[in-house]
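The values are calculated or read from the model by the stated rules, or taken from the named source; none is laboratory data. Given the structure is predicted, the values throughout are model-derived calculations rather than measurements. So basically every Cβ, Gly included, is an ideal-geometry build from the backbone, and we count neighbours across all protein chains shown.
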Amino acid sequence: MKFLGPHACEEALHRGELHTLWISSTIWDRVTPFRKLAREARVVIHQEPPEALDRKSNGIRHQGMIGEGSEIAYVELATFFPLMNSKKNQVLLVALDGIMDPQNLGAILRTCSAAGVDGVILPERRSASLTESAVRASAGTAGRVPIARVTNLGRALDDLKDAGAWIYGLSSGDETDNYLNEAFDRSLVLVIGSEGEGLHQKISERCDRRLHIPMPGSTESLNASAATAIALFRVLAVRTKSP
């Protein structure tokens, strides 16, 4: 995998996934501490003129640093089950249903990292994956949150429900509850659908409750990453106020 920019390279080094670095001569001296850490981790480092990095990144913004290394590793869904006991009613997971745009995925992962989400679940089909574009859109934070990739999202939600999680689906359709009225006082999975289609029917049917975000303005729907951010920080705000 290619890591574009200092933030993405630093995160990859921290995870032990960085193997090679190309650093522009324009920032070489400014990143001396980082070069030292990379050398200690046996990363191969090359100093290159700026135009060489431009060619290597195919013109995509890189801020003077490009890295290459291992793919970000997925975890098993079962990784999240013990949390239901250890964190009691505080587990917070996000499942993505039909998020196809890598930019959207990256933005959601960045929000999940900021919100301290315990894990993200992605289906193998009808979903963006951890490409270079998604990692770049996450500002290098994609690897901070454990991500499970599952063959069948519906079955994964069933398993998480059996383990003790409550399944909330974010939806703009009928028969939904106002997310402002929820206590969020139990371990939960927040399921986010695509901006166009929303939740698929079989996924919606598995939700214990479907929630909507009231929008008094003229806009009918939010970008999936924006809706995720609003919902997650509402969960955190409610939990912080709870005794």
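Remarks
- Restricting the search to helices (runs of 4 or more DSSP H) fully inside segment 82-185 and requiring at least 1 residues that are closer than 28 Å to ARG61 by Cβ and of a type in the set (Lys, Arg) gives 102-115, 132-137.
- Here ILE99 fulfils each of the conditions (1) crowded, with 18+ Cβ neighbours inside 10 Å; (2) more than 28 Å from ILE230 (Cβ to Cβ); (3) of a type in the set (Val, Ile, Thr) apart from (2).
Yes/no per residue for (1) more than 27 Å from SER138 (Cα to Cα); (2) in the same structural domain as ILE108 (by TED's automatic domain parsing); (3) part of a helix (DSSP H, G or I):
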{"site": "VAL191", "(1), (2), (3)": "no, yes, no"}
{"site": "LYS202", "(1), (2), (3)": "yes, yes, yes"}
{"site": "ARG206", "(1), (2), (3)": "yes, yes, no"}
{"site": "ALA227", "(1), (2), (3)": "no, yes, yes"}
{"site": "ILE230", "(1), (2), (3)": "no, yes, yes"}
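- Selected residue [without any contact (Cβ under 8 Å) to a residue 12 or more places away in the chain, hydroxyl-bearing (Ser, Thr, Tyr) and either assigned to a strand (DSSP E or B) or surrounded by fewer than 18 Cβ atoms within 10 Å (Cβ to Cβ) (or both)] from THR26, THR32: THR32
- Looking at VAL91, VAL135, just one residue is modelled with pLDDT under 90 and in the same structural domain as ILE167 (by TED's automatic domain parsing), and that residue is VAL135.
- Taken together, the residues in segment 213-243 that are of a type outside the set (A, V, I, L, M, F, W, C), surrounded by 17 or more Cβ atoms within 10 Å (Cβ to Cβ) and in contact with a strand residue (DSSP E or B) (Cβ under 7 Å, 6 or more places away or on another chain) amount to 1.
- Segment 82-107 residues that are free of Cβ contacts under 8 Å to residues at least 24 places away in the same chain, paired with ones that are among the aromatic types (Phe, Trp, Tyr) (beta carbon under 9 Å, 6 or more apart): none
- So ILE167, is it closer than 18 Å to PHE80 by Cα, touching a strand residue (DSSP E or B) at 6+ places or on another chain (Cβ under 7 Å), in the same structural domain as ARG110 (by TED's automatic domain parsing) and among the hydrophobic types (A, V, I, L, M, F, W, C): yes
- Remark: pairs (first residue in segment 120-133, on the phi > 0 side of the Ramachandran plot; second residue not aromatic (Phe, Trp, Tyr); Cβ separation under 6 Å; 6+ apart in sequence or on different chains) = ARG126/GLY98.
Here is a yes/no grid of residues against (1) buried (at least 17 other Cβ atoms within 10 Å of the Cβ); (2) within 30 Å of ILE192 (Cα to Cα); (3) among the small types (Gly, Ala, Ser):
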| site | (1), (2), (3) |
| --- | --- |
| CYS9 | yes, yes, no |
| ARG39 | no, no, no |
| LEU53 | yes, no, no |
| LEU83 | yes, yes, no |
| ASN89 | no, yes, no |
